[in-house]
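Undergrad: Here it is, the structure, as structure tokens.
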Number of protein chains: 2
Amino acid sequence: MATTQDRQLVEQWRSIQNSYFRTAAAIDRALEAKFDIGLNEFEILDLVAESVDSACRMKALGERTPMTQSAVSKVVDRLEKAGLVSRVTCSDDRRSLYLELTEAGRALHSDAAVEHRALLKENLGE
Amino acid sequence: MATTQDRQLVEQWRSIQNSYFRTAAAIDRALEAKFDIGLNEFEILDLVAESVDSACRMKALGERTPMTQSAVSKVVDRLEKAGLVSRVTCSDDRRSLYLELTEAGRALHSDAAVEHRALLKENLGE
DNA sequence: TGTCATTGAATGACGCGTCATATAGATTGA
DNA sequence: TCAATCTATATGACGCGTCATTCAATGACA
């Protein structure tokens, strides 16, 4: 039985989907075109950039993002290959790694962030 | 320069992401476990189920979903392979196809829809 | 200290979505 | 009516995320 509430839920859900997909696609294309990195790469860069302490972070990153641990690992692979980030082993727990932005990483991030915020504004803040 | 508005935008965006991912993952797992279809399969099934007219629909479907045309095509492949849907060529335009639920498709949809709505309610309607 | 369980991260196989194309049918206009 | 163009769908190569597993380091407890 399709209740009115059901229909409202489905509507709400589709609206979230559209909002999410449209925005994500827009940002992804723009970042890809201008900076040659995808949305997930940027999001990790953004998280690293906003971390102040140099605590062991790979793990922490996974908690701040809906990405899987293995997804994070692969995104970081790409970022590292692109020379934007480097993995540094933790001295107090040698299983752990923390991430540092390279010069290039910091530079790219600050440019890309402008683009990112602008597109968020455009897509979310109507 | 990270303005307050920027931070708010990023917060809003992360909140949308979480809402979307958490909900999508929950529904996907549940449908996969109980009905052996993924979320996108269900969404197409749902769209087909809610179409009343028998207009040529493959095309129309693509307009109601953030999925790509080719994604829709492949989702329909799987649905068809699973015997839940069948492609029927349009008599008035033989490039077009419309979709029909099979008996199995209709049955599965009505069960799965209950689950789907329940999970939406649980995840969206707090 | 030695064993056993646990934890942080990496890896390979796999599925799915995307992009660029292909194909077949429709439409337009001379 | 015949090209040229456009439109609806399908397909193959490819990239990325996920799952399950692996590996190394740590912790717990006897």
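Undergrad: Among the numbered criteria (1) more than 10 Å from every other protein chain (Cβ to nearest Cβ); (2) surrounded by 16 or more Cβ atoms within 10 Å (Cβ to Cβ); (3) of a type in the set (S, T, Y), which single criterion is violated by A:T4?
TA: (2)
Undergrad: May I pose another question? Sort out which residues of segment A:53-86 are more than 13 Å from DNA strand D (Cβ to nearest atom), loosely packed, with under 13 Cβ neighbours inside 10 Å, in a loop (DSSP other than H, G, I, E, B) and within 13 Å of chain B (Cβ to nearest Cβ), and write them in order of number.
TA: Matches in segment A:53-86: none.
Undergrad: Quick one: how many residues across segment B:87-107 are more than 8 Å from DNA strand D (Cβ to nearest atom) and outside any loop (DSSP other than H, G, I, E, B)?
TA: So the count comes out to 10.
Undergrad: Look through A:V10, A:V114 and report the one residue that is within 25 Å of B:Q8 (Cα to Cα), free of Cβ contacts under 8 Å to residues at least 40 places away in the same chain, of a type outside the set (S, T, Y) and within 14 Å of another protein chain (Cβ to nearest Cβ).
TA: A:V114
Undergrad: I've got another one for you. Taking the criterion of being surrounded by fewer than 17 Cβ atoms within 10 Å (Cβ to Cβ), modelled with pLDDT under 95, in contact with a helix residue (DSSP H, G or I) (Cβ under 8 Å, 6 or more places away or on another chain) and at the interface with another protein chain (Cβ under 8 Å from one of its Cβ atoms), would at least one residue in segment B:22-45 satisfy it?
TA: yes
Undergrad: Which residue, of A:L79, A:L108, is farther than 30 Å from B:A25 by Cα and out of contact with any Lys or Arg (no Cβ under 6 Å at 6 or more places or on another chain)?
TA: From the options A:L79, A:L108, the qualifying one is A:L108.
Undergrad: So, in segment A:45-79, how many residues would count as being in contact with a strand residue (DSSP E or B) (Cβ under 8 Å, 6 or more places away or on another chain) and within 13 Å of DNA strand C (Cβ to nearest atom)?
TA: Looking only at that region, the number is 9.
Undergrad: Among the numbered conditions (1) modelled with pLDDT under 95; (2) more than 14 Å from chain A (Cβ to nearest Cβ), tell me where B:E103 comes up short.
TA: If we test B:E103 against (1) modelled with pLDDT under 95; (2) more than 14 Å from chain A (Cβ to nearest Cβ), just (1) comes out false.
Undergrad: Across segment A:88-110, which residue is surrounded by the most Cβ atoms within 10 Å (Cβ to Cβ) among those that are over 25 Å from B:E11 (Cα atoms) and touching a residue at least 24 places away in the same chain (Cβ under 8 Å)?
TA: Selected residue: A:L97.
The values are calculated or read from the model by the stated rules, or taken from the named source; none is laboratory data. Not measured: the values here are computed from a predicted model. Cβ atoms come from the backbone with ideal geometry, glycine included; neighbour counts cover every protein chain shown.
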